[in-house]
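The values are calculated or read from the model by the stated rules, or taken from the named source; none is laboratory data. Note that the structure is predicted; figures quoted are calculated from it, not measured. So basically every Cβ, Gly included, is an ideal-geometry build from the backbone, and we count neighbours across all protein chains shown.
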Amino acid sequence: MALKKFVVGCFEDEKVLFPAVSKVRKAGYKFHDIYTPFPVHGLDKAMGLRDTSIHTAGFLFGMIGTTTAVTFMTWVFTKDWPVNIGGKPNFALPAWIPITFEMTVLCAAVGMVLTFCYICQLAPFVKRHHFHPRATDDLFVMVIECGEKTNEEELKSFLANAGAQDVQTQVAEEGWWIGRYDQEQELYKEPNIA
Amino acid sequence: MSVTKYESQLREPLVNGDKTYGQVTQDIVNTIEAKPTRLWYIGFYVSVALLMFGVYSVYREVTYGIGQWNVNRTIGWGWDITNFVWWVGIGHAGTLISAILLLFRQGWRTGVNRAAEAMTIFAVMCAGQFPIFHMGRVWMAFFTLPYPNTRGPLWPNFNSPLLWDVFAISTYFTVSLLFWYSGLLPDLATVRDRAKTKLRKHLYGVASFGWSGSTKHWQRHESLSLVLAGLSTPLVLSVHTIVSFDFATSVVPGWHTTIFPPYFVAGAIFSGFAMVQTLMLILRKVMNLQDYITLGHIEAMNKVIVLTGSIVGCAYLTELFMAWYSQVPFEQDIFFKYRIAGPYGWSYWLMMTCNVISPQLFWFRKLRRNVLFTFIMSIVVNIGMWFERFVIIVSSLYRDYLPSSWSIYYRPTIWEVGFYLGTFGLFFTCFFLFSKYFPVIAIAEIKYVLKTTGESYKNDMSTLENKEVDEFVHEMHDHHEEGAVKVVHH
């Protein structure tokens, strides 16, 4: 396990989060990630992430489905076992449109979901370090990686000035491992918010 | 104001009450964390009992053969395929709501899409039973799959609409399931991170695939949902089109019509939305979710019902017109002698009343927003849509080309009815379990629209509008002057 040191700051409102993101970028700190309870539009651009190309994978898988269906049905009906159905042509392309279409959609959808799980490294029994339990509830959790030269205290006060609450340092594993949430994570306690 | 997008004040809020993100989580996850009510237990046990009866009915059919049903040589499809088409039709609303309304950017889908998608999956599960058990020798159902076999290999007939059905239904089920579950991942993670017991933490931890809410993951997730919606939109239209091909590519009078694909798709959306209404009205009451499934949601769905109901009515009249206009004696006999009149005339008029006449009451806004009336109408529509399939199948089959094969009046046996009741049991057992163990409303999606369409945020927006109206006008004025100067320069 490669442990790393992170500085974590939580935001309650997108209106505070966005200016903070651009401040952090300008100051030259390196984002580990921002964990949000729902998709915040424009946050990926603000963080400087590049666009995803997962839809290309969907297109490629769809094409695989189309060609598989057409070539298979052609082979079956013209080569392997041609059947004379009322003298109609063996290569009956219009009648194969429904199955070709269904196979295209099936391959594209299954392929894309598997690609998504693979590139995001999501699977059953996958365990990650979660920086804040409310990141899936109501907080936007900004995590900044500490390099060798990073001044931790400076970074912490910088985040607090940018509007972050509950700023803290955490040492954690970066990737994922096989594990159980009930054994490695604390159970939820009612928060003490007024 | 850079973050929140402008949303018209004329649209009513999608989330009622002054909610924060935390409260949204609390309200929706509460249905999982709280102990089920007595009503839930009663409903669940009744469903399981129905399911058991269905299992016994199927057991009789498998053991003694199709003879346990009253289907005969001419009415070979009877109740069984009627139920199949009915359930598949119901299964169309979920994907319509989650896919087509996503592409059309209809914000109101967020409140109902999760439960509607679950409904789709359960309805397709029920639908699939009927053609499979109609095969008689159900243990040979895998013969429909094109796999290399020892019989030649002998392949299925890819030109047959019945095989297209196999591909369409199984693809539809798989894609709906993937769409539904990929949308569930973030919400299951929310439940996981709030879990107060070890077992719940473990199970939701496994089920949520280690979802963390990373921005990069969200970006890919959004892209995935959009493409899956784009794929599901033609898919949902293709599935009922292919189901209608089962009829339309035959040469049976009353089936052999080109209007069938659009007519079946409209009917499917019609009956699907009716079932969504039935379930949502119960769900919002029992689970106390009136703030998320508002009268606005109900009204929007009722508008879809009146639209699709009118399309279906138009199709019924077109069929009658075409039968007369074609001057084909067989077509005319089926429609004018054996469908709207004759021994099954009552089912035709029941269908007409339920599907075409009664939904027209939804033109009145008061009735569209009346919960009790909507609930009754949703059941009326589903009865009507069941009879539509019954009319199509039975009234076309009982008077064939050959008078020697004309059949006597068809009545189902108790085991035929039991199979149908059993699928109700399966459907509601699944739905009750879903409502207990899964977030019935898409939590993340509600949070996403909360800041633009929540009630309190809408109110904030309108005060802001009033305050800055002068400033706004000035800005516009300045822009105009700049533009005018430019024109002069040119």
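So here's what we get for this one:
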read-out: Test: residue in region B:54-75 that is in a helix (DSSP H, G or I) and on the phi > 0 side of the Ramachandran plot; value: no
read-out: A:Val171 vs. criteria surrounded by fewer than 14 Cβ atoms within 10 Å (Cβ to Cβ), under 24 Å from the mean Cα position of the chain (by Cα) and part of a strand (DSSP E or B); value: yes
read-out: Hits in region B:314-334 - residues which are touching a Pro at 6+ places or on another chain (Cβ under 9 Å) and of a type in the set (Gly, Ala, Ser); value: B:Ala315, B:Ala323
read-out: Qualifying residue in region B:229-238 (condition: buried (at least 24 other Cβ atoms within 10 Å of the Cβ), in contact with a helix residue (DSSP H, G or I) (Cβ under 8 Å, 6 or more places away or on another chain) and more than 7 Å from chain A (Cβ to nearest Cβ)); value: yes
read-out: Residues located in region B:31-52, provided they are exposed (fewer than 14 other Cβ atoms within 10 Å of the Cβ) and either part of a helix (DSSP H, G or I) or among the acidic types (Asp, Glu) (or both); value: B:Arg38, B:Leu39, B:Tyr41, B:Ile42, B:Tyr45, B:Ala49, B:Met52
read-out: Conditions (1) at the interface with chain B (Cβ under 9 Å from one of its Cβ atoms); (2) touching a Leu at 6+ places or on another chain (Cβ under 9 Å); (3) among the aromatic types (Phe, Trp, Tyr); number of the one not met by A:Phe11; value: (1)
read-out: Some residue of region A:78-91 being in contact with a helix residue (DSSP H, G or I) (Cβ under 6 Å, 6 or more places away or on another chain), touching a residue at least 12 places away in the same chain (Cβ under 8 Å), more than 30 Å from A:Glu184 (Cα to Cα) and not acidic (Asp, Glu); value: yes
read-out: Top-ranked residue in region A:159-168 [being farther than 19 Å from A:His129 by Cβ and touching a helix residue (DSSP H, G or I) at 6+ places or on another chain (Cβ under 6 Å); ranked as surrounded by the most Cβ atoms within 10 Å (Cβ to Cβ)]; value: A:Ala162
read-out: Residue in region A:105-119 that is assigned to a loop (DSSP other than H, G, I, E, B) and either more than 7 Å from chain B (Cβ to nearest Cβ) or on the phi < 0 side of the Ramachandran plot (or both) present; value: no
read-out: Residue under evaluation B:Glu445, criteria (1) surrounded by fewer than 18 Cβ atoms within 10 Å (Cβ to Cβ); (2) under 20 Å from the mean Cα position of the chain (by Cα), criterion not met; value: (1)
read-out: Selection status of B:Ala268, within 30 Å of A:Trp96 (Cβ to Cβ), touching a Pro at 6+ places or on another chain (Cβ under 8 Å) and away from chain A (no Cβ under 12 Å); value: no
read-out: Count of region B:379-438 residues which are outside any loop (DSSP other than H, G, I, E, B) and aromatic (Phe, Trp, Tyr); value: 13
read-out: Test: residue in region B:201-221 that is more than 8 Å from chain A (Cβ to nearest Cβ) and assigned to a helix (DSSP H, G or I); value: yes
read-out: Residues located in region B:239-255, provided they are farther than 17 Å from B:Asn159 by Cα and surrounded by fewer than 21 Cβ atoms within 10 Å (Cβ to Cβ); value: B:Val252, B:Trp255
read-out: Verdict on A:Lys156 being within 28 Å of the chain's Cα centre (by Cα), among the basic types (Lys, Arg), within 8 Å of chain B (Cβ to nearest Cβ) and surrounded by fewer than 19 Cβ atoms within 10 Å (Cβ to Cβ); value: no
read-out: Given (1) surrounded by fewer than 22 Cβ atoms within 10 Å (Cβ to Cβ); (2) farther than 18 Å from A:Gly111 by Cβ; (3) in contact with a helix residue (DSSP H, G or I) (Cβ under 7 Å, 6 or more places away or on another chain); (4) among the small types (Gly, Ala, Ser), index of the condition B:Gly205 fails; value: (1)
read-out: Counted residues, region B:15-61 - those being hydroxyl-bearing (Ser, Thr, Tyr) and under 21 Å from B:His297 (Cα atoms); value: 4
read-out: Single unsatisfied condition, B:Gly136 versus (1) at positive phi; (2) within 14 Å of chain A (Cβ to nearest Cβ); value: (2)
read-out: Candidate set: region A:81-96, residues that are exposed (fewer than 14 other Cβ atoms within 10 Å of the Cβ) and either within 42 Å of the chain's Cα centre (by Cα) or at the interface with chain B (Cβ under 7 Å from one of its Cβ atoms) (or both); chosen: the one nearest to B:Pro161 (Cα to Cα); value: A:Pro94
read-out: Exclusive hit being in contact with a Gly (Cβ under 9 Å, 6 or more places away or on another chain) and farther than 20 Å from B:Leu101 by Cα, set B:Val251, B:Val243; value: B:Val243
read-out: Subset of region B:165-199 that is farther than 19 Å from A:Leu139 by Cβ, more than 8 Å from chain A (Cβ to nearest Cβ) and of a type outside the set (Ser, Thr, Tyr) - its residue that is surrounded by the fewest Cβ atoms within 10 Å (Cβ to Cβ); value: B:Leu177
read-out: Where a residue in region B:303-329 is assigned by TED's automatic domain parsing to the domain that holds B:Phe273 and its partner, wherever it lies, is small (Gly, Ala, Ser), with Cβ under 6 Å and at least six apart; value: B:Thr308/B:Ala266; B:Ile311/B:Ala266; B:Val312/B:Ala266; B:Val312/B:Gly267
read-out: Boolean, A:Ile64 is surrounded by fewer than 19 Cβ atoms within 10 Å (Cβ to Cβ), in contact (Cβ under 8 Å) with a residue 12 or more places away in the chain and more than 7 Å from every other protein chain (Cβ to nearest Cβ); value: yes
read-out: All positions within region A:14-52 that are assigned to a loop (DSSP other than H, G, I, E, B) and at the interface with chain B (Cβ under 9 Å from one of its Cβ atoms); value: A:Thr36, A:Pro37, A:Phe38, A:Pro39, A:Val40, A:His41, A:Gly42, A:Leu49, A:Asp51, A:Thr52
read-out: Which numbered condition A:Ile97 fails, given (1) closer than 30 Å to B:Ala444 by Cα; (2) part of a helix (DSSP H, G or I); (3) free of Cβ contacts under 8 Å to residues at least 12 places away in the same chain; value: (1)
read-out: Hits in region A:120-136 - residues which are of a type in the set (S, T, N, Q) and either more than 8 Å from chain B (Cβ to nearest Cβ) or within 12 Å of the chain's Cα centre (by Cα) (or both); value: A:Gln121
read-out: Some residue of region B:87-97 being without any contact (Cβ under 8 Å) to a residue 12 or more places away in the chain and in a helix (DSSP H, G or I); value: no
